[in-house]
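So the structure is just underneath, and the comments pick up after that.
The values are calculated or read from the model by the stated rules, or taken from the named source; none is laboratory data. Remember, predicted model here, so these are calculated numbers, not experimental data. Please note: Cβ atoms are built from the backbone with ideal geometry, for glycine as well, and neighbour counts cover all protein chains shown.
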Amino acid sequence: MQLKPQDFLVALKLVAWGEQRWTYARLAQELGISVSEAHACIKRGLQAGLLLPNRLSPPDAATAGGALSAQEPMGIYRVTRKRVRRAAEPESEVGADNVVRPHAHNLAEFALHGAKYAFPAEKLPLAVGVPTSHSAPAFAGVFAPGSTDFVWPHPNGSVRGVGVEPLHPSVPFAAMQDAKLYEMLALFDALRVGKARERGMALDRLQALIDPDAPQSAKGAQHG
């Protein structure tokens with residue numbers, strides 16, 4: 001199994017949503033990917049340890065249903081089997097709601113220390129696009145004017161700067177749908193293309209967004 005950039009994008013989207021209810025269809029729509037790709041991203045995210053399941057897997061549920069059938073009449077057993085089948089169906093609205101959640105510690109560790117090597121940045125020629133890294137709107141006023149702007153090239157962009165190949169082609173679209181996701185993606189780009197001060201800020205803020213319950217000592221250790 002090889003982790004893909006869109007798997008990391010999906011994991012960050014789930015962080016951005018927090019406790020919101022979501023389905024595969026909504027996930028795909030807001031990220032600009034297909035429903036089948038959303039399923040594949042969730043599967044790889046679970047295998048990589050970036051996500052955690054929110055309920056028992058279908059085989060476990062089916063086993064539980066079988067155990068009940070030994071003591072219950074056949075009619076009740078049939079109803080139980082139908083309920084299990086509907087819950088296990090990935091496209092159903094009931095079964096698809098919040099099937100996984102981010103593994104905050106693992107995802108933060110990967111985002112801060114591994115993702116920039118797994119998905120390295122590629123700088124592009126000057127272009128008009130969507131601001132990223134320290135140029136993103138979330139960091140307005142944080143850095144002094146005059147520093148180089150970075151952008152994801154995009155026809156609907158408003159800023160001219162050094163182009164940065166986005167984590168995934170759908171990133172500019174996805175970022176414009178969700179301010180918190182945009183902030184995390186821009187912070188990730190600061191880790192990939194930013195200077196030392198920008199990388200230090202990005203480490204702290206990205207850690208706080210992905211794993212806010214991390215011990216303070218662990219957060220401070222990121223600069224070591």
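Of all residues in segment 132-185 being assigned to a helix (DSSP H, G or I) and of a type in the set (S, T, N, Q), which is farthest from ALA208 (Cα to Cα)? That would be GLN177. Of note, ALA175 satisfies the criterion of being within 16 Å of LEU9 (Cβ to Cβ), buried (at least 21 other Cβ atoms within 10 Å of the Cβ), modelled with pLDDT of 95 or more and out of contact with any Lys or Arg (no Cβ under 6 Å at 6 or more places or on another chain).
Is it the case, given these coordinates, that VAL164 is modelled with pLDDT under 95, in contact with a helix residue (DSSP H, G or I) (Cβ under 8 Å, 6 or more places away or on another chain) and β-branched (Val, Ile, Thr)? Against the criterion (modelled with pLDDT under 95, in contact with a helix residue (DSSP H, G or I) (Cβ under 8 Å, 6 or more places away or on another chain) and β-branched (Val, Ile, Thr)), VAL164 does not qualify. Per the conditions (1) of a type in the set (D, E, K, R); (2) closer than 27 Å to ALA48 by Cα; (3) touching a helix residue (DSSP H, G or I) at 6+ places or on another chain (Cβ under 7 Å); (4) at pLDDT below 95, the sole criterion not satisfied by ARG81 is (2).
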